[in-house]
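To keep things clear, I will list the structure first and then write my remarks on it.
The values are calculated or read from the model by the stated rules, or taken from the named source; none is laboratory data. All values derive from a computational prediction rather than experimental measurement. In this analysis, Cβ positions are derived from the backbone assuming ideal geometry, glycine residues included, and neighbour counts consider all displayed protein chains. Just so you know, the surface numbers come from the protein's heavy atoms only, side chains and all, with ligands and any DNA or RNA stripped out. Shrake-Rupley method; radii C 1.70, N 1.55, O 1.52, S 1.80 Å.
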Amino acid sequence: MNKHLQHGGAVLAVLAAAGTAQAASLALNCGDSGKAGLEARRIKAMAAGVVKRQSKHVLQVEAAGKTLAFADKPPYDEPLDGERYAFCERKEGFILLAHANGDELTGKLVNEATGKVGPGGDAVLFSADRRAYLATSQDNGRDGASWTVYALDGRQSWTGGDYLLHPTKPDYKAAELSEARWEANGELSAQARCIQGNMAPWRVKLVKSGGAWNWHPHRKCPDA
């Protein structure tokens, strides 16, 4: 089984039980969070009094009466080494921080109501009922992004890549995924497009089949 298409042990109940959406999805993004001066402007606009730079290499967050400190680790000036944090966005009681750990570019998600820190990504997309979220991340030099679904408490439900594999060639990417969104019934969907040929794109949903979560419906893409 391709190591980038693993299935989490926890049941993805958050997708099936989400129910009819009562509100819009919530998206938080990092973008160019490491760009000089951008972080300070973002903090001033979105999180004044909640997030601040305690020092050049320590980011401080106030949440649920707690003071959370996110400290960089040396070497500070090596882009693919050490560990770094940066403020990205704050919306509806959630704070997304960029987290670069060596060549892995992910994130941390702070829940202001509880003060708990959970896994994030360079972007997160909450379901309408806020019971689950999709986090995307990127390893430097890797072709494609990682997609992971978490429950609100940080339990991983599913993880894979932004692609569909060939049904008989486990290391061959047949289609790319984009435009992820949460449907009104709580299912996660994405736009699939064959890498080869001129087939029209189609919408796929993450559903349970044969004891494992996978994207459906399947369509046969032309081989290279």
Only unsatisfied item for residue 153, checking (1) part of a strand (DSSP E or B); (2) without any contact (Cβ under 8 Å) to a residue 40 or more places away in the chain, is (1)
Exactly one of 48, 27, 100 is open to solvent by less than 80 Å² (accessible area, probe 1.4 Å), in a strand (DSSP E or B) and modelled with pLDDT of 95 or more, and that one is 27
- Task: Using the structure shown, decide if residue 127 is within 23 Å of residue 173 (Cα to Cα) and of a type outside the set (A, V, I, L, M).
- Result: no
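Taking the stated definitions as given, is residue 36 among the aliphatic types (A, V, I, L, M), over 21 Å from residue 180 (Cα atoms) and at pLDDT 95 or above?
Values: among the aliphatic types (A, V, I, L, M): yes; over 21 Å from residue 180 (Cα atoms): yes; at pLDDT 95 or above: no.
No: the conditions fail for residue 36.
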Of the conditions (1) in contact with a Phe, Trp or Tyr (Cβ under 9 Å, 6 or more places away or on another chain); (2) surrounded by fewer than 19 Cβ atoms within 10 Å (Cβ to Cβ); (3) over 21 Å from residue 27 (Cβ atoms), the single one that residue 174 does not satisfy is (2)
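Conditions tested, residue by residue: (1) touching a Lys or Arg at 6+ places or on another chain (Cβ under 7 Å); (2) modelled with pLDDT of 95 or more.
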site: 118; (1), (2): no, yes
site: 150; (1), (2): no, yes
site: 165; (1), (2): yes, no
site: 181; (1), (2): no, yes
site: 186; (1), (2): no, no
site: 194; (1), (2): no, yes
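Look at residue 123 and say whether it is among the small types (Gly, Ala, Ser) and either within 24 Å of residue 66 (Cα to Cα) or in contact (Cβ under 8 Å) with a residue 60 or more places away in the chain (or both).
Values: among the small types (Gly, Ala, Ser): yes; either within 24 Å of residue 66 (Cα to Cα) or in contact (Cβ under 8 Å) with a residue 60 or more places away in the chain (or both): yes.
Taking the combined requirement at face value, the residue satisfies it.
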Of the residues in segment 125-149, those that are more than 9 Å from the chain's Cα centre (by Cα) and either in a strand (DSSP E or B) or of a type in the set (A, V, I, L, M) (or both) come to 126, 128, 132, 138, 139, 145
Reported set for segment 177-224 where residues are touching a residue at least 24 places away in the same chain (Cβ under 8 Å), within 15 Å of residue 164 (Cα to Cα), among the aliphatic types (A, V, I, L, M) and open to solvent by 40 Å² or more (accessible area, probe 1.4 Å) is 195, 224
Condition set touching a residue at least 40 places away in the same chain (Cβ under 8 Å) and not in a strand (DSSP E or B), scope segment 76-93, selection least open to solvent (accessible area, probe 1.4 Å): answer is 80
Every listed condition ((1) out of contact with any Phe, Trp or Tyr (no Cβ under 9 Å at 6 or more places or on another chain); (2) part of a strand (DSSP E or B)) holds for residue 160 save (1)
Within segment 107-124, restricting to residues that are open to solvent by less than 30 Å² (accessible area, probe 1.4 Å) and within 12 Å of the chain's Cα centre (by Cα), the one that is farthest from residue 82 (Cα to Cα) is 124
